[in-house]
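Written out below as structure tokens is the structure these notes cover.
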Amino acid sequence: MIVVPVYNDAGVEALITTFRTHIRPNDIILLVSGNFNVLNTNWITQSALRLKAVFPNTAIIAGTNGIHNLSLLANEVKGTPVEAIVYIYEPGSQNGKEFSWDFEGTVDNFNIARQVADKNNVYLISKVTGRPILQEGLSKYNWRYNILGQNLDYMFIQTQTYSKKGHKEFVRAINTLLAEYKSSDAVVNWLPQVSIDKNSQNGVDLKTAIRCVRTARAKGIAGAVVWWSPSQASDMEMFLKKFRGK
């Protein structure tokens, strides 16, 4: 399973044209708006309709930053092909004023997100920061992703900073998460993330990205979120080809 984020019209066009033969039914298309800009629910609904016509068997979900945006999004996607809302949780981002490194406060925020999803009868996923996994300065907050995952239908954990540090560090982050889940017999309901966007501070080369995602799969994880840039669509196309052995 590969989750393919899309955040503009160029990305939608690339999916419909360049990636059309590379997207599988068990993949997920994640439409993102209101992350570091203004939420555009019209773009999400129109893009979802276009993409569903091309990929009828592929799940389409939509994500945004902050509880306020999440509430607006949940209400607007009713009756559209969007199957789940994604609560993008990144402390310090401008649209998520409720965000906190405090773990109990984070749990409270996730509980509110759960209420939003239940009220609108839609699945809830979170795309949550992965920095507390290994970042020494954040260890005092004692984040426990197995607890966060209990109140979600699924979770995308942003591990791209560790793949940037190399495969070994990525594996250490994955093993830390797996051990956390094993300690409580929790179901592994999460995916890691890598980035192949050359302009991103956490972007990695194709070889590293493929190796990291294949390692996650070998450890029993269903797949990964792969962040990419429409300006470098050929890189994402090559990732999909090489990852799947084409």
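The values are calculated or read from the model by the stated rules, or taken from the named source; none is laboratory data. From a predicted model like this one, the values you see are computed outputs, not experimental measurements. No Cβ is skipped: glycine too gets one built from the backbone with ideal geometry, and neighbour counts run over all protein chains shown. Note: accessible area is taken over every heavy atom of the protein model, side chains too, but ligands, DNA and RNA are not part of it. Shrake-Rupley method; radii C 1.70, N 1.55, O 1.52, S 1.80 Å.
For segment 164-211, what are the residues that are in contact with a Cys (Cβ under 7 Å, 6 or more places away or on another chain) and farther than 22 Å from Ala233 by Cα?
Quick first cut of segment 164-211, residues in contact with a Cys (Cβ under 7 Å, 6 or more places away or on another chain) only: 167, 170, 194.
Those that are in contact with a Cys (Cβ under 7 Å, 6 or more places away or on another chain) and farther than 22 Å from Ala233 by Cα: His167, Phe170.
Any chance segment 82-96 includes a residue that's open to solvent by 10 Å² or more (accessible area, probe 1.4 Å), more than 22 Å from Pro132 (Cβ to Cβ), out of contact with any Phe, Trp or Tyr (no Cβ under 7 Å at 6 or more places or on another chain) and modelled with pLDDT of 95 or more?
Taking every residue of segment 82-96 in turn, at least one turns out to be open to solvent by 10 Å² or more (accessible area, probe 1.4 Å), more than 22 Å from Pro132 (Cβ to Cβ), out of contact with any Phe, Trp or Tyr (no Cβ under 7 Å at 6 or more places or on another chain) and modelled with pLDDT of 95 or more.
Quick check: anything in segment 204-215 touching a strand residue (DSSP E or B) at 6+ places or on another chain (Cβ under 9 Å) and either open to solvent by 40 Å² or more (accessible area, probe 1.4 Å) or among the aromatic types (Phe, Trp, Tyr) (or both)?
Checked segment 204-215: no residue is touching a strand residue (DSSP E or B) at 6+ places or on another chain (Cβ under 9 Å) and either open to solvent by 40 Å² or more (accessible area, probe 1.4 Å) or among the aromatic types (Phe, Trp, Tyr) (or both).
Just a yes or no: is a residue in segment 1-11 modelled with pLDDT under 95 and in contact with a helix residue (DSSP H, G or I) (Cβ under 8 Å, 6 or more places away or on another chain)?
No: segment 1-11 contains no residue that is modelled with pLDDT under 95 and in contact with a helix residue (DSSP H, G or I) (Cβ under 8 Å, 6 or more places away or on another chain).
Select from segment 123-156 the residues that are open to solvent by 20 Å² or more (accessible area, probe 1.4 Å), modelled with pLDDT of 95 or more and under 30 Å from Gly79 (Cα atoms) and list them in ascending order.
Within segment 123-156, Tyr123, Asp153, Tyr154 meet the criteria.
Specify the residue that is modelled with the highest pLDDT; the eligible residues are those in segment 180-198 that are over 25 Å from Leu152 (Cα atoms) and under 18 Å from the mean Cα position of the chain (by Cα).
Here is the first cut: in segment 180-198, the ones over 25 Å from Leu152 (Cα atoms) are 196-198.
Applying the additional criterion that residues be under 18 Å from the mean Cα position of the chain (by Cα) yields 196-197.
Values: Ile196: 97, Asp197: 93.
It comes out as Ile196.
If I ask for residues that are among the acidic types (Asp, Glu) and either more than 24 Å from Ser126 (Cβ to Cβ) or surrounded by fewer than 16 Cβ atoms within 10 Å (Cβ to Cβ) (or both), which ones from segment 1-41 would you list?
Initially, segment 1-41 is screened for residues among the acidic types (Asp, Glu), giving 9, 13, 27.
If the condition is that a residue be among the acidic types (Asp, Glu) and either more than 24 Å from Ser126 (Cβ to Cβ) or surrounded by fewer than 16 Cβ atoms within 10 Å (Cβ to Cβ) (or both), then Asp9, Glu13 are the ones that fit.
Among Phe99, Phe110, which is the only one that is at pLDDT below 95 and over 29 Å from Thr208 (Cα atoms)?
Values: Phe110 fails: at pLDDT below 95.
It is Phe99.
Please name all residue pairs, on different chains or six or more residues apart, with Cβ atoms under 6 Å, provided the first residue is in segment 157-186 and is over 17 Å from Ala218 (Cα atoms) and open to solvent by 20 Å² or more (accessible area, probe 1.4 Å) and the second residue is part of a loop (DSSP other than H, G, I, E, B) and not β-branched (Val, Ile, Thr).
Correct list of pairs: Gln160/Asn202; Thr161/Asn202; Lys164/Asn202.
In segment 216-235, what count of residues is obtained for those that are buried (at least 19 other Cβ atoms within 10 Å of the Cβ), closer than 13 Å to Asp197 by Cα and among the small types (Gly, Ala, Ser)?
1
Please work out which one of (1) in a loop (DSSP other than H, G, I, E, B); (2) surrounded by 15 or more Cβ atoms within 10 Å (Cβ to Cβ) is the condition Leu73 fails and give its number.
(1)
Can you pull out every residue in segment 1-31 that is touching a Phe, Trp or Tyr at 6+ places or on another chain (Cβ under 7 Å) and assigned to a loop (DSSP other than H, G, I, E, B)?
If the condition is that a residue be touching a Phe, Trp or Tyr at 6+ places or on another chain (Cβ under 7 Å) and assigned to a loop (DSSP other than H, G, I, E, B), then Ile23 is the only one that fits.
Being at pLDDT below 95 and either of a type in the set (D, E, K, R) or under 24 Å from Thr21 (Cβ atoms) (or both) narrows it down to one residue among Gln201, Gln232; which is it? Spell out the reasoning first.
Values: Gln201 fails: either of a type in the set (D, E, K, R) or under 24 Å from Thr21 (Cβ atoms) (or both).
After applying the criteria, what remains is Gln232.
Of all the residues that make up segment 12-48, how many are under 18 Å from the mean Cα position of the chain (by Cα), of a type in the set (A, V, I, L, M) and under 30 Å from Lys97 (Cβ atoms)?
Of the residues in segment 12-48, 9 are under 18 Å from the mean Cα position of the chain (by Cα), of a type in the set (A, V, I, L, M) and under 30 Å from Lys97 (Cβ atoms).
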